[in-house]
Amino acid sequence: MHIRHTLLASSLALALAGLTACQTAPSAPAQPAPVAAPAPAPVVAPVSAPPTTTASAQAASAAYDFDMDVFHPVVAKNGMVATEQELATQIGLNILKAGGNAVDAAVAVGFALAVALPNAGNLGGGGFMVVHDAKSGKSVALDFRETAPSKATRDMYLDVQGNVVDGKSLYTHYAVGVPGTVAGMEYALKSWGTMPLARVIAPAAALAERGFPVSETLAKILEQEQKNMGKWPATQAIFWKGGAPLKVGDRLVQRDLAQSLRLIGQQGAKAFYQGDIARKIAAETAPHAGAVTLQDLRDYKVVERAPTRGTYRGYEIVTMPPPSSGGPHLVQILNMLEPLPIAQWGSNSAQYLHYLAESSKLAYADRSEYLGDPTS
């Protein structure tokens, strides 16, 4: 077992690969019934009518929603897109169907999640991407994580007595890092994609413009964050209706975001880091000393890093290095599980889940104790 890494990364909420569309899995062929020795015929009481299903039993059965995809997995021959939001997944799939490659689809999905998953995916965040170039055989870990503002200090979240100021690192202008998403998406597309930025960003801009119904999950999050979001009139103008957060079925329209996306599509990342968008961000943070500045935005750089590598049962694992904690600990967890008779225990057996949980617990204990940004 071994782990090799040279630098840092985290985890990208975006999984996809390949070049074409998905199709529903064919039914598995029926297996022949096992041959058994004949046994005496059982005595069966006569049945006058077929059994009936009660209304309660039908309702209980319906609760399992057997028509959902979770019970009928999707398979593909040449590619697949998986994200946390169906609308974003469909946009990625459409890019593949249009002839785009995996990176084209990944970038399209990244921008789509900024629209369809506002509680997580956004232009103001950052991420990571592991890319394997089949032609060169080279694997690259792309780090476009947010960075601290240049005027940030070690004690910026403490009061004069040295105590942590509640919420300052979460709900104020000082919670904002220098965003990396836009730079990272453009960098990946220019390096490994085949489509122009305007083409892959257009579906996300269109979705933001026309809007989409708020899901049950998003409605719950908006309700949960009502107190914090209510402090910002600009936030209320988008995510509220009639003095309260949007509810299930309400249409979420994000016209300003659509305009920003189109501007990025036309001008590239410089629109976000040097142009009108950058100036508006800097104007908002200017009254707050030590927060993100226009120069911070202009100085942002995407970093190519050597991936963390490990082995598991003869396979090579290639994943994100630090500042990602996910990559190194993925290898660590697999290394702890490798000597164990997992196949004998069975998938999702109690014993397997026990050892998986314990291995993960140990890895996360190491994460808390040892893993940090080596540049700090």
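The values are calculated or read from the model by the stated rules, or taken from the named source; none is laboratory data. The structure presented is a predicted model; accordingly, all values stated were derived computationally and were not measured. Every residue, glycine among them, receives a Cβ derived from its backbone with ideal geometry; neighbour counts consider all protein chains shown.
Please count how many residues of region 289-310 are over 30 Å from I333 (Cα atoms) and out of contact with any Ser or Thr (no Cβ under 8 Å at 6 or more places or on another chain).
So in region 289-310, the residues over 30 Å from I333 (Cα atoms) come out as 289-301.
Pick out the ones that are also out of contact with any Ser or Thr (no Cβ under 8 Å at 6 or more places or on another chain) and you get 289, 294, 297-298, 301.
Final tally of qualifying residues: 5.
Is it fair to say E186 is closer than 29 Å to Y300 by Cα, charged (D, E, K, R) and part of a helix (DSSP H, G or I)?
yes
How many of the residues making up region 148-190 are without any contact (Cβ under 8 Å) to a residue 40 or more places away in the chain, farther than 20 Å from K231 by Cβ and under 25 Å from the mean Cα position of the chain (by Cα)?
2
For A114, indicate whether it is among the hydrophobic types (A, V, I, L, M, F, W, C), assigned by TED's automatic domain parsing to the domain that holds A204 and either in contact with a Leu (Cβ under 9 Å, 6 or more places away or on another chain) or buried (at least 21 other Cβ atoms within 10 Å of the Cβ) (or both).
So A114 passes the test.
In this structure, does L246 turn out to be in contact with a strand residue (DSSP E or B) (Cβ under 7 Å, 6 or more places away or on another chain), over 19 Å from G167 (Cβ atoms) and not assigned by TED's automatic domain parsing to the domain that holds N94?
yes
Can you pull out every residue in region 163-183 that is assigned to a helix (DSSP H, G or I) and either closer than 30 Å to V103 by Cβ or not hydroxyl-bearing (S, T, Y) (or both)?
H173, A175, T181, V182, A183
All but one of (1) more than 24 Å from A206 (Cβ to Cβ); (2) surrounded by fewer than 14 Cβ atoms within 10 Å (Cβ to Cβ); (3) not charged (D, E, K, R) hold for Q266, so report the exception by its number.
For Q266, the exception is condition (1).
Inspect all residues belonging to region 307-315 and state whether any of them is touching a residue at least 60 places away in the same chain (Cβ under 8 Å) and charged (D, E, K, R).
Yes - at least one qualifying residue is present in region 307-315.
Which condition does T217 not pass, out of (1) out of contact with any Pro (no Cβ under 9 Å at 6 or more places or on another chain); (2) assigned to a loop (DSSP other than H, G, I, E, B); (3) among the polar types (S, T, N, Q), if it passes all the others?
Result: T217 passes all but (2).
In region 178-223, which residue that is surrounded by fewer than 19 Cβ atoms within 10 Å (Cβ to Cβ) and small (G, A, S) is farthest from L87 (Cα to Cα)?
S191
Take the conditions buried (at least 17 other Cβ atoms within 10 Å of the Cβ), touching a helix residue (DSSP H, G or I) at 6+ places or on another chain (Cβ under 7 Å) and at negative phi and apply them to T235. Does it pass?
The answer is no for T235.
From V140, V160, grab the single residue that is of a type in the set (A, V, I, L, M, F, W, C), outside any helix (DSSP H, G or I) and in the same structural domain as A106 (by TED's automatic domain parsing).
V140
With the requirement that a residue be farther than 22 Å from P118 by Cα, in a helix (DSSP H, G or I) and touching a residue at least 12 places away in the same chain (Cβ under 8 Å), what does region 251-275 give you?
Q266
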